[in-house]
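No lab work stands behind these numbers, since they all come straight from the coordinates. Everything quoted here is computed from the prediction, not taken from an experiment. Positions of Cβ are backbone-derived with ideal geometry, glycine not excepted, and every protein chain shown enters the neighbour counts.
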Amino acid sequence: MTFQGDRDRLQHVFENLFRNAVEHGGTDVTVRVGRAGEDSIYVEDDGSGIPADRREEVFEPGHSSTSGGTGFGLTIVKRIIEAHGWTVSVTDGPEGGARFEFVMSQSE
């Protein structure tokens with residue numbers, strides 16, 4: 001799969017997702033990145049996951065499930081992905097953690 005995007009901004013996306021996985025999943029968390037479909041990829045972990053009724057609000061500015069969090073990490077992820085013309089969603093991962101899927105409408 002090949003896609004074009006802003007390298008620096010996409011690095012922020014992955015850094016935020018990896019940081020969240022470690023902060024919310026503990027030090028023994030596993031993170032996987034892979035192809036989800038013809039024009040999509042995923043980043044998933046085996047941490048505690050995100051309850052279904054909170055999946056949309058995790059992208060809202062200032063939302064944090066911990067007292068030390070800023071609540072802007074996933075907001076930044078969503079804004080960067082949308083700036084590329086793509087979409088992001090969150091579901092359950094197969095190991096019980098969170099799975100973020102990115103559909104890249106500009107993939108080649």
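A few notes on this one:
- Ordering 98-104, 49-55 by mean Cβ neighbour count within 10 Å, with the highest value first, yields 98-104, 49-55.
- As a length-normalised measure over Cα pairs under 8 Å and 6 or more apart, the relative contact order of segment 7-103 settles at 31 percent.
- ³J(HN,Hα) computed for each position of segment 23-32 - Karplus, 6.51 cos²θ - 1.76 cosθ + 1.60, integer Hz, glycine/proline x: 5, 9, x, x, 7, 9, 7, 10, 10, 10
- Label-point gap, in nm, between Glu15 and Glu101 - each point 7 angstrom along Cα→Cβ: 2.8 nm
- If you wrap the tightest convex hull around every Cα atom of the chain and split its volume per residue, you get 97 Å³.
- Approximating the spin labels as points 7 Å out from Cα along Cα→Cβ, the Thr91-to-Val33 distance works out to 2.1 nm.
- Where labels lie 7 Å past Cα in the beta-carbon direction, separation of Arg54 and Val22 in nm: 2.2 nm
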